[in-house]
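Colleague: Structure incoming, see below.
The values are calculated or read from the model by the stated rules, or taken from the named source; none is laboratory data. None of these values were measured; they are calculated from a predicted model. Glycine gets a Cβ as well: all are built from the backbone with ideal geometry, and neighbour counts include every protein chain shown.
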Amino acid sequence: MPATWIVLVDFNGLSDTRKCLQSLAVSTMAANVVVVDNASKVEVGPALQAEFPTVAFVRSPVNGGWAGGNNIGVKYALQHGADLMILLNNDTTVPPEFTAKMIAAAEAHPNYGVLGPVIHFMDEPAKVQTTGVVFNRPDRAGFFQPIDVATTPGSPAVVDADIVNGCCLMIRRATVEKIGLIDERYFLIHEESDWCLRVQEAGGVCGVIAEGLVWHKGSSSFQREGKALQRYFDARNLLRLLLRHRRRKTARKPIPALVHYLKYIFHRYAHEKDGGFDKSARAVLEGLYDGLRRRSGPYPSGWRPGLFALRGIVSLAWRLRRSKSHT
């Protein structure tokens, strides 16, 4: 039986983490669990250690985002002999058979470096939230194009994907040793995409287990911290991701991909402006600006020379579009 560690990252989500640990506690197959406290206002370890005495708690002095927090957990698991590591969002719950089925899938499909299950909505348990995606295919719209996964309870099949959702992602020790840890320059959003694409660059395979094994509350951190932050990291990090993986054989060529990206940015900006969310619209342009300047890590506050001109150009295009739609 491979030594398995489950990694949870908490950032001001104590009640979510407690609920997730409660669901893991009734697992039919035990696994080691480490919770990384990403500098939460209320320390997670002292609050939960008595209730979950077998869980390891590690506190980071800073908020390292999804990337940094999970890297702490992965390194802790590797130091304690992990063969498999399951990165699980703390705003999830799982069925009792979760660990057993994840391990069984890993053993049945040893050629897959990364595996993840079908994810369902927590408030609509029968409804699929996400499966996996293929990335930046020229014959499909968008950049993250969903794949069809017909769920097969029992001994589920595995469907190939370019990217496994970071809500629940299982990776092997050998894969981490080959490609390295999560790129912390992303901080939040698209970091698991980069990790999965790097697995494939190194000759590995990613896949989705054709069974729903996770219920996800969805974007809890962003609900607490604000949608503008999500828009910023999406715009900034998507450009980094496209540039980093521009030579993928299955992807759009670099120039069409850049054009597609700029169209996406304008669409996202216009959507926020149309809804009256000026702060989120500004965040989209900040993400574009910082992406072009190759900024990385946490959100950097402060003056951005040139942003005023960029806002003027995009805002003019938005107003022209609105005037045409009203005529």
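Colleague: Suppose the filter is under 25 Å from V118 (Cα atoms), of a type in the set (G, A, S) and in contact (Cβ under 8 Å) with a residue 12 or more places away in the chain; does G207 pass it? Walk me through it before giving the result.
Modeller: Numbers: under 25 Å from V118 (Cα atoms): yes; of a type in the set (G, A, S): yes; in contact (Cβ under 8 Å) with a residue 12 or more places away in the chain: yes.
Answer is yes for this residue.
Colleague: Additional query: Considering every residue within the stretch 106-117, establish whether at least one is buried (at least 21 other Cβ atoms within 10 Å of the Cβ), within 26 Å of L243 (Cα to Cα) and among the aliphatic types (A, V, I, L, M).
Modeller: Looking through the stretch 106-117, at least one residue is buried (at least 21 other Cβ atoms within 10 Å of the Cβ), within 26 Å of L243 (Cα to Cα) and among the aliphatic types (A, V, I, L, M).
Colleague: On to the next question. Under 8 Å between Cβ atoms, which residue pairs at least 6 apart in sequence (or on different chains) link something in the stretch 315-327 that is under 17 Å from E272 (Cβ atoms) with a partner that is aromatic (F, W, Y) and in a helix (DSSP H, G or I)?
Modeller: Correct list of pairs: A317/F266; W318/F266; W318/Y269.
Colleague: Restricting to the stretch 109-129, what's the tally of residues that are assigned to a strand (DSSP E or B) and of a type in the set (G, A, S)?
Modeller: Here is the first cut: in the stretch 109-129, the residues assigned to a strand (DSSP E or B) are 114-121, 128-129.
Next, from what is left, pick out any that are of a type in the set (G, A, S): 116.
Total meeting the criteria: 1.
Colleague: Do the conditions hold for A50, that is, is it over 24 Å from E184 (Cα atoms), at pLDDT below 95 and part of a loop (DSSP other than H, G, I, E, B)? Write out each step before concluding.
Modeller: On the way: over 24 Å from E184 (Cα atoms): yes; at pLDDT below 95: no; part of a loop (DSSP other than H, G, I, E, B): yes.
Against the criterion (over 24 Å from E184 (Cα atoms), at pLDDT below 95 and part of a loop (DSSP other than H, G, I, E, B)), A50 does not qualify.
Colleague: Looking at this structure, is I209 outside the structural domain of L242 (by TED's automatic domain parsing) and buried (at least 21 other Cβ atoms within 10 Å of the Cβ)?
Modeller: When the stated conditions are applied, I209 passes them.
Colleague: Name the pairs whose Cβ atoms lie under 8 Å apart, with the first residue in the stretch 44-66 and free of Cβ contacts under 8 Å to residues at least 12 places away in the same chain, the second part of a loop (DSSP other than H, G, I, E, B) and surrounded by 15 or more Cβ atoms within 10 Å (Cβ to Cβ), and 6 or more positions between them or separate chains?
Modeller: Correct list of pairs: Q49/V55.
Colleague: Ok, one more. Every residue in the stretch 249-264 that is closer than 16 Å to V134 by Cβ and surrounded by 15 or more Cβ atoms within 10 Å (Cβ to Cβ), please.
Modeller: A251, R252, A257, H260
Colleague: Only one of H190, H267 is surrounded by fewer than 19 Cβ atoms within 10 Å (Cβ to Cβ), within 21 Å of A141 (Cα to Cα) and not charged (D, E, K, R). Can you tell me which? Don't jump to the end; show me each part of the working.
Modeller: Numbers: H190 fails: surrounded by fewer than 19 Cβ atoms within 10 Å (Cβ to Cβ).
Just a single option satisfies the conditions, and that option is H267.
Colleague: Restricting attention to the stretch 220-231, does a residue exist that is part of a helix (DSSP H, G or I) and under 30 Å from A104 (Cβ atoms)? Quick ask: steps written out before the conclusion?
Modeller: Step one: list which residues in the stretch 220-231 are part of a helix (DSSP H, G or I), which gives 220-225, 227-231.
So of that shortlist, the ones also under 30 Å from A104 (Cβ atoms) come out as 220.
Scanning the stretch 220-231, I find at least one residue that is part of a helix (DSSP H, G or I) and under 30 Å from A104 (Cβ atoms), so the answer is yes.
Colleague: Quick test for you: out of Y299, Y264, Y289, pick the one residue that is aromatic (F, W, Y), modelled with pLDDT of 95 or more and over 21 Å from the mean Cα position of the chain (by Cα).
Modeller: The match here is Y289.
Colleague: Given V74, V62, V58, V42, which one is in a strand (DSSP E or B), among the hydrophobic types (A, V, I, L, M, F, W, C) and either more than 17 Å from the chain's Cα centre (by Cα) or closer than 25 Å to F187 by Cβ (or both)?
Modeller: Details: V74 fails: in a strand (DSSP E or B); V62 fails: in a strand (DSSP E or B); V42 fails: in a strand (DSSP E or B).
One residue alone meets the criteria, V58.
Colleague: Within the set of pairs 6+ apart or on separate chains, which have a first residue in the stretch 124-153 that is in the same structural domain as A251 (by TED's automatic domain parsing) and on the phi < 0 side of the Ramachandran plot, a second that is assigned to a loop (DSSP other than H, G, I, E, B) and at pLDDT 95 or above, and C-beta atoms under 8 Å apart?
Modeller: Sorted first by the residue in the stretch 124-153, then by its partner, the list stays empty.
Colleague: What's the total number of residues in the stretch 9-20 that are out of contact with any helix residue (DSSP H, G or I) (no Cβ under 7 Å at 6 or more places or on another chain) and of a type outside the set (K, R)? Break it down stepwise before answering.
Modeller: Within the stretch 9-20, the subset out of contact with any helix residue (DSSP H, G or I) (no Cβ under 7 Å at 6 or more places or on another chain) is 15, 19-20.
Subsequent filtering for residues that are of a type outside the set (K, R) retains 15, 20.
Of the residues in the stretch 9-20, 2 are out of contact with any helix residue (DSSP H, G or I) (no Cβ under 7 Å at 6 or more places or on another chain) and of a type outside the set (K, R).
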